[in-house]
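Right, one structure below, let's go through it.
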């Protein structure tokens, strides 16, 4: 609609009055409904302007009984939408930009793969010279993130294996302990597949965090087997020695790893964005620790029997346990502290409560709050 200002002045009209007249003569209005013969009919008024001629004959006002039509103050032509934005491709010209949004709960990588397959089919039917070209692919970001976390996970596994070899002082015990890492990770991956948990930043990050904890139960089991093998009678069958050593520490290992898994239970109760962010981490850590528990209780005794041997004795003298220099240096301050807290268990509980209270004071925002509805 191209309004002529001179005609507006001639007929004493304003732009606002013209707009109101056009809207009033071509608007849809609801009028509730009419019930007739047990049927309900919806009543509404529909704008009847279908072409330019209908718009041109809209009456703006009446002067001494003479109507003033829209065509007398404005020219009605077919125009275009007002431009609200502009997109260019590489600074070489305009382009049509589209965005693909995935549904909540779907896998990003799967959606992107399906979109790429559909785009190939679309490009085959487009006119010559017109193609759909992606300029931002989130799959690249997802791939880089997964690659980074995977590298960190592999580096953590290698580092833990080296530390085990140094501190345990033997290749055979270190090998038994190191086997628990791939077993726990594969166990976690299998259950992640069954539970529908994707391998993303948080889930793989949970595995990277749990690498050091995966070996705890097996370390206790192997260390006790090594100690009992040193102290046992050479005439006693090795399988009996290994079984007796594993039975001694089986229950404490079960309780210890179960407590670690229970620590992550609050993360399973998170909702909203927090839940979607941290629940995968809690799932993977718990599954990996469950795998480490199964390895420590079921496979570690078998591996210890297959790989570990009784230490050799020189000149009729039994080689003492923990003879490795690094182990002796670490046990020097550790043993007195352990003896103190084993003897005074109340002191250990009081120290734990004091540290908890100190944490609440330092970080008051993390303290639980209770409200009564």
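Annotations
- Yes/no for residue 160 being modelled with pLDDT under 80, under 22 Å from residue 304 (Cα atoms) and either touching a strand residue (DSSP E or B) at 6+ places or on another chain (Cβ under 6 Å) or surrounded by 17 or more Cβ atoms within 10 Å (Cβ to Cβ) (or both): yes
- Residue count for the range 175-198, restricted to those that are surrounded by 17 or more Cβ atoms within 10 Å (Cβ to Cβ) and either touching a strand residue (DSSP E or B) at 6+ places or on another chain (Cβ under 8 Å) or without any contact (Cβ under 8 Å) to a residue 40 or more places away in the chain (or both): 3
- Selection status of residue 106, assigned by TED's automatic domain parsing to the domain that holds residue 198, under 21 Å from residue 196 (Cα atoms) and either at pLDDT below 85 or in contact with a helix residue (DSSP H, G or I) (Cβ under 8 Å, 6 or more places away or on another chain) (or both): no
- Total residues in the range 227-278, condition in contact (Cβ under 8 Å) with a residue 24 or more places away in the chain and within 30 Å of residue 201 (Cα to Cα): 9
- Considering 19, 68, 35, 77, the condition of being assigned to a strand (DSSP E or B) and within 60 Å of the chain's Cα centre (by Cα) is satisfied by 35 alone.
- For the range 287-302, the criterion of being modelled with pLDDT under 85 and surrounded by 15 or more Cβ atoms within 10 Å (Cβ to Cβ) is met by no residue.
- Take the conditions (1) surrounded by fewer than 16 Cβ atoms within 10 Å (Cβ to Cβ); (2) under 30 Å from residue 96 (Cβ atoms); residue 166 misses just one of them, which is (2).
- Test: residue in the range 326-335 that is at pLDDT 70 or above, in contact with a helix residue (DSSP H, G or I) (Cβ under 9 Å, 6 or more places away or on another chain) and part of a helix (DSSP H, G or I): no
- Just one of the numbered conditions (1) modelled with pLDDT of 85 or more; (2) surrounded by 14 or more Cβ atoms within 10 Å (Cβ to Cβ); (3) over 18 Å from residue 288 (Cα atoms) is not true of residue 217: (3).
- Of the residues 317, 309, the single one that is at pLDDT 55 or above and in the same structural domain as residue 236 (by TED's automatic domain parsing) is 309.
- Test: residue in the range 130-153 that is crowded, with 18+ Cβ neighbours inside 10 Å, assigned by TED's automatic domain parsing to the domain that holds residue 292 and closer than 30 Å to residue 302 by Cα: yes
- Test: residue in the range 79-99 that is in contact with a strand residue (DSSP E or B) (Cβ under 9 Å, 6 or more places away or on another chain), within 30 Å of residue 129 (Cβ to Cβ) and surrounded by 12 or more Cβ atoms within 10 Å (Cβ to Cβ): yes
- Number of residues in the range 140-170 that are at negative phi and outside any helix (DSSP H, G or I): the value is 1.
- The selection criterion, being under 30 Å from the mean Cα position of the chain (by Cα), outside any loop (DSSP other than H, G, I, E, B) and either on the phi < 0 side of the Ramachandran plot or surrounded by 10 or more Cβ atoms within 10 Å (Cβ to Cβ) (or both), holds for residue 110.
Listed here are the residues, each with its yes/no results for (1) in contact with a helix residue (DSSP H, G or I) (Cβ under 6 Å, 6 or more places away or on another chain); (2) farther than 15 Å from residue 289 by Cβ; (3) assigned to a helix (DSSP H, G or I).
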residue: 181; (1), (2), (3): yes, no, yes
residue: 203; (1), (2), (3): yes, no, yes
residue: 206; (1), (2), (3): yes, no, yes
residue: 223; (1), (2), (3): no, yes, yes
residue: 235; (1), (2), (3): no, yes, no
residue: 245; (1), (2), (3): yes, yes, yes
residue: 258; (1), (2), (3): no, no, yes
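- Output for the range 1-11, where each listed residue is modelled with pLDDT of 85 or more and part of a loop (DSSP other than H, G, I, E, B): 4
- Check on residue 202, touching a residue at least 40 places away in the same chain (Cβ under 8 Å) and within 18 Å of residue 282 (Cα to Cα): yes
The values are calculated or read from the model by the stated rules, or taken from the named source; none is laboratory data. Keep in mind it's a predicted model, so treat the numbers as computed, not measured. Note that each Cβ is placed from the backbone with ideal geometry, even for glycine, and that neighbours are counted across all protein chains shown.
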